[in-house]
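Below: the structure, in structure tokens.
The values are calculated or read from the model by the stated rules, or taken from the named source; none is laboratory data. Since we're looking at a predicted model, the values are computed, not measured. Here the Cβ positions follow ideal geometry from the backbone for every residue, glycine too, while neighbour counts run over all protein chains shown. Surface areas here come from the heavy atoms of the whole protein model, side chains and all, with no ligands, DNA or RNA. Shrake-Rupley method; radii C 1.70, N 1.55, O 1.52, S 1.80 Å.
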Amino acid sequence: MLRGLPLPEGPVDHVLYARLADDVPTDAPEGFRALLNSFLPRKRAIGQMLVRDREGRVLLCQLTYKRDWDLPGGVVEVNESPQLATAREVREELALDIPAGRLLLTDWLPPWSGWDDAVTLVFDGGVHDGDDLVSRVVKEEKEIKGIAFCTPEEVLERCADFTARRVVAALENLGGGAPAYTESGHGAEPER
């Protein structure tokens, strides 16, 4: 970025893009796509898993880096499938090998507390014997302080409001045919 280039109407910032001699020419489809890919916006994706016990409680993680509890999961790496990333995060953070099932919910998160906006994808982690599952957990201590299966009331108490709304929306869509869409846990209509 070139800051404050002098122009007759005043200083203006400019972004300068460079191409290498062996780059595919921009008049070729691959070259044009590569050029667009180099500067179009990118959005963070987060994969989470809705794991339930036979009593209908939801598995939540108490995280070391924030006050509120959250669903297990994490950030999707570049060029990684969100579904596979979700299972990977659960394996890395809890040592549980649970495949990420059907997509239940796509939730857009607006910018919050220093973070840019993101898209959270909530996958079905199925129903498990709660005691057995908890006994197999090995917490990744840098990120996970605790875990618990929580009732809907405990979800509301322990989670940030937008996370609680996301959990409720995912639970409501368990029997649905298509994934639901929310914005910060609210219904599909954006708040104006």
Check your understanding: Of these, Arg57, Arg52, Arg44, which one is touching a strand residue (DSSP E or B) at 6+ places or on another chain (Cβ under 6 Å), touching a residue at least 12 places away in the same chain (Cβ under 8 Å) and surrounded by fewer than 17 Cβ atoms within 10 Å (Cβ to Cβ)?
Key -> Arg44
**Study point:** Only listed residue being touching a Cys at 6+ places or on another chain (Cβ under 8 Å) and of a type in the set (Lys, Arg), chosen from Arg57, Arg67
**Key:** Arg57
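For (1) free of Cβ contacts under 8 Å to residues at least 24 places away in the same chain; (2) in contact with a His (Cβ under 9 Å, 6 or more places away or on another chain); (3) under 30 Å from Asp161 (Cα atoms); (4) in a helix (DSSP H, G or I), each residue gets a yes or a no:
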site: Pro8; (1), (2), (3), (4): yes, no, no, no
site: Ala21; (1), (2), (3), (4): yes, no, no, no
site: Leu35; (1), (2), (3), (4): yes, no, no, yes
site: Ser38; (1), (2), (3), (4): yes, no, no, yes
site: Cys61; (1), (2), (3), (4): no, no, yes, no
site: Arg67; (1), (2), (3), (4): yes, no, yes, no
site: Glu77; (1), (2), (3), (4): yes, no, yes, no
site: Glu80; (1), (2), (3), (4): yes, no, yes, no
site: Ala85; (1), (2), (3), (4): no, no, yes, yes
Review point. Any residue in segment 141-156 that is within 13 Å of Leu50 (Cβ to Cβ), modelled with pLDDT under 95 and not hydrophobic (A, V, I, L, M, F, W, C)?
Key: yes
Point to revise | Extreme residue, modelled with the highest pLDDT, among residues of segment 159-192 that are open to solvent by less than 60 Å² (accessible area, probe 1.4 Å) and among the hydroxyl-bearing types (Ser, Thr, Tyr) | key: Thr163
Revision key, fill the gap. Within segment 99-136, restricting to residues that are aliphatic (A, V, I, L, M), open to solvent by 10 Å² or more (accessible area, probe 1.4 Å) and farther than 22 Å from Thr182 by Cβ, the one that is modelled with the lowest pLDDT is Val134
